[in-house]
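No value in this document is a laboratory result; all are computed from the given coordinates. Worth saying up front: this structure is predicted, and the values here are computed from it rather than measured. Using ideal geometry, Cβ is built from the backbone for each residue, glycine included, and neighbour counts are taken over all protein chains shown.
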Amino acid sequence: MEHEKVNILLVDDQPAKLLAYEVILKELGENLVVAASGREALEILLKNEIAIILVDVCMPELDGFELAAMIREHPRFQKTAMIFISAIQVSDIDRLRGYEMGAVDYVPVPVVPEVLRAKIKVFAELYRKTRQLERLNTELEDRVRARTAELERSTAQLVESEQRRSMAIAAGKMGSWDWDWINGDWMWDDGQYRIFGVDPEKFEVTSVNIQALLHPDDVEALRKVVVEFTKGARSYEAEFRICRPDGEVRWCVGTAAATVDRQSRVVRISGVTIDITERKRAEERQSLLTREVDHRAKNALALAQSIVRLTRADNVKTYVDAVEGRISALARVHTILSLSSWQGAEISRLVDEELAPYSRAGQIKLSGMEVQLQPATAQTLALALHELVTNSAKYGALSALSGQLAIKWQVDDNVLAVTWEESGGPVVLPPTTRGFGTRSLIASVETQLGGQTAFDWRPEGLVCRLTVPLARQALTPSQAADASASRLQRVS
């Protein structure tokens, strides 16, 4: 591959000398540029890249020293090689002056062609190498800048990715860890410390300290996981519990993957821990809710069964009406309890629901403080109110437009007292025998709720007083059904 040609400027006021220089230097294969004066040389320099200047010292108007001084003043040519040619004997002072002006060498006249070519060749190669180095430096700088920019972009992306990962881990209650299987060193990220509830500044991550945070019942299972890795397992997933230093127990799921060497020996295990406590609690709540729904359904069926089994009537229609009415009462209180997630029922709403079909303007008056009834108490009291309402609608105050009904309730010493007082209806005669509805009411209140019932059959209207201890644990519907049947036999 041919080398890159460089420009060599030949400056002399005598054309014959210029021609001689061209002949001598032609075989170097470089670009020879000639100038017949110092001024012409300056013009050429400003328009071209010149590697070497061969200049005659003695020239009219602008000699070699003056031209060299002017060239050196320009920033572009401060390092350009200049060789002086002198036809006169120069003194040491003149040589020193020439070197001060920037000359790199002197060539005396007569010029020896081989010497001149050798000198020019050396400086041409030096210029060429310098240019190559400059280009290489420029390319290297460009590459460094490009690589630096690429590294900066990669670093920024890595930082951004790490930030996103940290945010995802924080949001997802996740942590990552790394265990050097050979020397036992552990590495935890912030998420791991957060899950275990320990301070990164104070907690030393060691196998012993980690085991101390594991739930005692899960330690052996996790030891077996380690054994599985020694037997060739490459990944594993397990659920376990941790006991935080503050005493809180939390559920986690951990995934782990092994890194092996060329001999398939485990050298490192890395993994991720996810806090699944909320999920576990949700599953427990769902399971509890399922059991509760099952329990409530069984209770409702037991109550319906007891209503069907204990209801008595003279004919089928009366029997059907009685059963439907009691089950409707049960359905209404069930709706109220469902709205409160079976936490209880407000007595005012319970009374309103049972009296709603018979309510007329000004005929019914209610008074009493708000009381929250337990589900079992609300169900039993709803059925008792249904019996009173049904009896009043058939024979009592609610059977006539002039009838009045007042219901009052209050709580003293955790005992609920309900007073049912009718007036203005048909004349009331004390019953010679207790009907099934009355017997059912007495049995449910006294047996299921441990309360008391009192009936005053006044001519102007029935007064019924019910007292129910609110703190008493009510019987389950199936137990209550059996007890009510026995009680009905005694109150008949």
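Scanning residues 5 or more positions from Val6 or on other chains, those with amide H under 5 Å from its amide H are Asn31, with H placed 1.01 Å from N in the peptide plane.
Residue exposure proxy: Phe77, Phe84, ordered by other Cβ atoms within 10 angstrom of their Cβ from fewest to most, comes out as Phe77, Phe84. Taking amide H as placed 1.01 Å from N in the peptide plane, the amide H of Val371 sits under 5 Å from that of Ile347, Ser348, each at least 5 places away or on another chain. In this structure the amide hydrogen of Gly451, modeled in the peptide plane, comes within under 5 Å of the amide hydrogens of Glu446, none closer than 5 places in sequence on its chain.
As a quick test, which of the pairs Lys47/Lys119; Lys5/Lys119; Lys317/Lys365; Lys202/Lys224; Lys231/Lys280; Lys317/Lys408 have an alpha carbon distance above 23 angstrom in this structure?
Lys47/Lys119; Lys317/Lys365; Lys202/Lys224; Lys231/Lys280; Lys317/Lys408
Other residues with beta-carbon under 15 Å from the beta-carbon of Arg458 carry, at +1 per Lys or Arg and -1 per Asp or Glu, a net charge of -3. With neighbour counts taken as other beta-carbon atoms within 10 Å, the residues Ile276, Ile347 rank, fewest first, as Ile276, Ile347. Neighbour counts of other Cβ atoms within 10 Å put Arg244, Arg194 in the fewest-to-most order Arg244, Arg194.
Label the range 172-275 by shape, choosing from rounded, prolate and oblate, from the square roots a ≥ b ≥ c of the eigenvalues of the Cα gyration tensor; if a/c is under 1.5 it is rounded, and otherwise prolate applies when a/b is larger than b/c, oblate when it is not. Prolate, because a/c is 1.5 or more and a/b exceeds b/c.
Basic side chains Lys and Arg get +1 at the Cβ, acidic Asp and Glu get -1 at the Cβ, and with that the dipole of the range 7-137 about its Cα centre reaches some 580 debye.
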